[in-house]
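The values are calculated or read from the model by the stated rules, or taken from the named source; none is laboratory data. None of these values were measured; they are calculated from a predicted model. Using ideal geometry, Cβ is built from the backbone for each residue, glycine included, and neighbour counts are taken over all protein chains shown.
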Number of protein chains: 2
Amino acid sequence: MLPTRRNSFNSIIYFCTMTEKRTELQDLGEFGLIRHLTDSISLQNPTSKVGIGDDAAVLDFDAEDEVLVSTDMLVEGVHFDLTYAPLKHLGYKAVVVNLSDIYAMGGVASQITVSIAVSNRFSTEALEELYVGMRLACERYQVDLVGGDTTSSTSGLIISITAIGTVAKGQRVLRSGAKEKDLLVVTGDLGSAYMGLQLLEREKQVFQGAPGAQPNLEGYDYQLERQLKPEARKDIIDMFNELGLQPTSMIDVSDGLASELIHLGEASGLGVQLYEDKLPIDPSTFDMAREFNLDPSVCALSGGEDYELLFTISQSDYDKIKASPHFSVIGYMTETKGAYYLIDKQEKVHEITAQGWDAFLEKRKEDIDPDKQPASE
Amino acid sequence: MLPTRRNSFNSIIYFCTMTEKRTELQDLGEFGLIRHLTDSISLQNPTSKVGIGDDAAVLDFDAEDEVLVSTDMLVEGVHFDLTYAPLKHLGYKAVVVNLSDIYAMGGVASQITVSIAVSNRFSTEALEELYVGMRLACERYQVDLVGGDTTSSTSGLIISITAIGTVAKGQRVLRSGAKEKDLLVVTGDLGSAYMGLQLLEREKQVFQGAPGAQPNLEGYDYQLERQLKPEARKDIIDMFNELGLQPTSMIDVSDGLASELIHLGEASGLGVQLYEDKLPIDPSTFDMAREFNLDPSVCALSGGEDYELLFTISQSDYDKIKASPHFSVIGYMTETKGAYYLIDKQEKVHEITAQGWDAFLEKRKEDIDPDKQPASE
């Protein structure tokens, strides 16, 4: 059985909504805008000593911890499409995808900094929405927004977030620690965020063909939430602690399972054997993929943006995870570096290639065309 | 006498140079590009445990230190103009301006992360130039590049840098610590970077009027270097330690002296009395401002991008700095919050307003028109 991770935003989606009031960004000026967007922020985390308002944030960490730092940049028109991504959701997602990198090290996130560049197409109210979403994510994950920069851009919206966290010394999990015969495990389910994107892209086409048409999004709540408001698996890090489980290697699934397992294999100098019938796919995502004439396994392998954790454990730790619905053992690590194989449901062997999303390739949907399977030997 | 801080790039400036070879960004792909740009980077700082190549960097700080984090975003067409800013210089400057924020807390920078978004107008060779400049700054300031993100943009180049550093507990210098009657001190000299920008803008106009025309930049080396390849005042932090001097408040001069001293006054709940005849202006910058029909004092007050340190000290500490050519006492803190006054050379009193650069105001040159002095009561 797959775990359910339903989210809790009130309204999942609205197309092209506009707030009624519009205050121009220049009315507040740069300093006024930063102050306006961040003045209600208070520091919750004991490691946050000084937040926004000085030249740098001041943090004070325990001597037993190592500090983790990760950074990501999201660009309008490349990583998100404001036609269907509400700014509140976008803010939430932008924070979550960064925190996910901290959890992928076995750590806990404690602070973020947020820089945004924004064109005058955006109003102050639009940025407020973005910050509402970011603050929601900060509250949910107990992270403080301690710094940032707000500037103008010549086109569109760019969000750059740096996440900071800690991990107890000796407990960090790198990509490079996997050992031969270690089990390959993934959390949650895969491919749903990608199907959410397919749906939004389809309805956008309809909307562009007939402006005013209402999108038909009913019945796909789970996939839309996975795409528009993903969650990061902080809960899994807590579980590891409870289970006394130390993964040997770990990565988060942002670009797609195929791409991530190759990263683990490369970093650890090993190969991977993966079983198609073990891929965790939510039944509704499976059905939806079929309806869209897509191969559900290809969506799970290459879809990306699941923000699940992919990790390896020693076989002797199998008992610790076998009863949990949160974990799926999908394969194991093999001796031969660079040999990444998928065993399909007919027990045929296919070579896996990285079909994960590449920021410099313009087409993404085509990459995952069912007629062009990544698993082709 | 003003200290000289001449820089050492071999060629200061070249207009619209193009590298001969051109490798398209998509030829390497996202992961290949990051690897290509960062593969020669090795970690020098003992606090850097894991750098680029995992989900997050791993850092290990001393228990006696607090951690400082600062972030800045630079946008093409807003913060820099590639018509005259060579990419190598731009990379160097982008790092330096971030480090400057760490020094402004009384700390020492140890790591940076760099995210860039770049359109396909740029070649791989162009990005290599940018990274050469960033690496030069890292070497010069003994900072490790430990993480980042590289992605495509729909237009232009955006650079987001997060700087991380440390300060011994009890030694951080906030903006808010100034006391009444504290002396207001600035390092180095002011206004030169702004004059460098004026020159570059003038020659750009000439160039655009007559493509192929060679820019006339001779005799302005200092101003060009201050604009195109500024340095951050790490040396001053070292001096504070040697002198046993603990400033009561501090900020770096990025947006302009007027703007920064108002920040110190606001944060500390005090006023400022400033003396025009104490403003440190390099003689060549003074002459150049006159030649450009600008008021040298206005350039020093409002020009910005000097990356000097502005700080306050207790009067009892005056003896520690009085003999040094690096420091100019330019005024003192007064009791009345919000009262910022300039005493001009004729001993007339003017109110100071923040004329520092505002990212959301389009015009910048006009702000500093000699006919429209910021000091007008």
Checklist line | Residue match in the stretch B:130-146 (condition: in contact (Cβ under 8 Å) with a residue 24 or more places away in the chain, surrounded by 24 or more Cβ atoms within 10 Å (Cβ to Cβ), touching an Asp or Glu at 6+ places or on another chain (Cβ under 6 Å) and at the interface with chain A (Cβ under 10 Å from one of its Cβ atoms)) | finding: no
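Name the strands (runs of 3 or more DSSP E) wholly inside the stretch A:107-203 in which the number of residues that are touching a Pro at 6+ places or on another chain (Cβ under 9 Å) and among the aliphatic types (A, V, I, L, M) is 2 or more.
Here the list reads A:183-187.
Assess whether B:D65 counts as being within 24 Å of B:L157 (Cα to Cα) and either at pLDDT 90 or above or not hydrophobic (A, V, I, L, M, F, W, C) (or both). Spell out the reasoning first.
Working: within 24 Å of B:L157 (Cα to Cα): no; either at pLDDT 90 or above or not hydrophobic (A, V, I, L, M, F, W, C) (or both): yes.
Against the criterion (within 24 Å of B:L157 (Cα to Cα) and either at pLDDT 90 or above or not hydrophobic (A, V, I, L, M, F, W, C) (or both)), B:D65 does not qualify.
Could you list all residues from the stretch A:56-75 that are in a strand (DSSP E or B), of a type outside the set (S, T, N, Q) and within 7 Å of chain B (Cβ to nearest Cβ)?
Within the stretch A:56-75, A:A57, A:V58, A:L59, A:E66, A:V67, A:L68, A:V69, A:D72, A:M73, A:V75 meet the criteria.
Could you say which residue among B:G170, B:G91 is more than 9 Å from every other protein chain (Cβ to nearest Cβ) and at pLDDT below 95?
Details: B:G91 fails: at pLDDT below 95.
When all the criteria are applied, what remains is B:G170.
Inside the stretch A:261-270, can you point out the residues that are at negative phi and part of a loop (DSSP other than H, G, I, E, B)?
If we filter the stretch A:261-270 for residues that are at negative phi, which is where we start, we get A:261-268, A:270.
Answer for the stretch A:261-270, where residues must be at negative phi and part of a loop (DSSP other than H, G, I, E, B): just A:L270.
Can you pull out every residue in the stretch B:237-260 that is part of a helix (DSSP H, G or I) and either more than 14 Å from chain A (Cβ to nearest Cβ) or of a type in the set (D, E, K, R) (or both)?
Scanning the stretch B:237-260 gives B:D238, B:M239, B:F240, B:N241, B:E242, B:L243, B:L257, B:E260.
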Checklist line | Within the stretch A:311-335, considering residues that are over 11 Å from A:K181 (Cα atoms) and among the polar types (S, T, N, Q), the one surrounded by the most Cβ atoms within 10 Å (Cβ to Cβ) | finding: A:S328
Checklist line | Filter pass, B:G29 being at the interface with chain A (Cβ under 10 Å from one of its Cβ atoms), surrounded by 12 or more Cβ atoms within 10 Å (Cβ to Cβ), modelled with pLDDT under 80 and over 26 Å from B:E225 (Cα atoms) | finding: yes
Next item on the list: Might you check whether a residue that is away from chain B (no Cβ under 14 Å), buried (at least 24 other Cβ atoms within 10 Å of the Cβ), within 17 Å of the chain's Cα centre (by Cα) and among the aromatic types (F, W, Y) occurs anywhere in the stretch A:219-230?
Entry: no
Note to self: For the stretch A:268-283, check the following and say yes or no: at least one residue is within 14 Å of another protein chain (Cβ to nearest Cβ) and either of a type in the set (D, E) or in contact (Cβ under 8 Å) with a residue 40 or more places away in the chain (or both).
What the structure shows: yes
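Would you check if A:V96 is at pLDDT below 95, over 22 Å from B:F61 (Cα atoms) and not aromatic (F, W, Y)?
Numbers: at pLDDT below 95: no; over 22 Å from B:F61 (Cα atoms): yes; not aromatic (F, W, Y): yes.
No; evaluated as a whole, the condition is false for this residue.
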Check: Does B:G177 fit the bill of being at pLDDT below 95, over 20 Å from B:I34 (Cα atoms) and within 14 Å of chain A (Cβ to nearest Cβ)?
Finding: no
Notebook entry, point to check: Inside the stretch B:85-94, can you point out the residues that are in a helix (DSSP H, G or I) and out of contact with any strand residue (DSSP E or B) (no Cβ under 6 Å at 6 or more places or on another chain)?
Noted result: B:L87, B:K88, B:H89, B:G91, B:Y92, B:K93
Note to self: Given (1) crowded, with 23+ Cβ neighbours inside 10 Å; (2) away from chain A (no Cβ under 11 Å); (3) small (G, A, S), identify the lone condition not met by B:S110.
What the structure shows: (2)
Notebook entry, point to check: What number of residues within the stretch A:304-340 satisfy the criterion of being without any contact (Cβ under 8 Å) to a residue 24 or more places away in the chain and of a type in the set (D, E, K, R)?
Noted result: 2
Next item on the list: Please work out which one of (1) in contact with a Ser or Thr (Cβ under 8 Å, 6 or more places away or on another chain); (2) within 9 Å of chain B (Cβ to nearest Cβ); (3) modelled with pLDDT under 90 is the condition A:R22 fails and give its number.
Entry: (2)
Notebook entry, point to check: Which of the residues belonging to the stretch A:183-213 are of a type in the set (D, E, K, R) and crowded, with 24+ Cβ neighbours inside 10 Å?
Noted result: A:D189
Check: Can you find a residue in the stretch A:295-303 that is more than 25 Å from A:V173 (Cβ to Cβ), free of Cβ contacts under 8 Å to residues at least 12 places away in the same chain and in a helix (DSSP H, G or I)?
Finding: no
Check: Listed residues A:T150, A:T154; which is surrounded by fewer than 21 Cβ atoms within 10 Å (Cβ to Cβ) and more than 19 Å from the chain's Cα centre (by Cα)?
Finding: A:T154
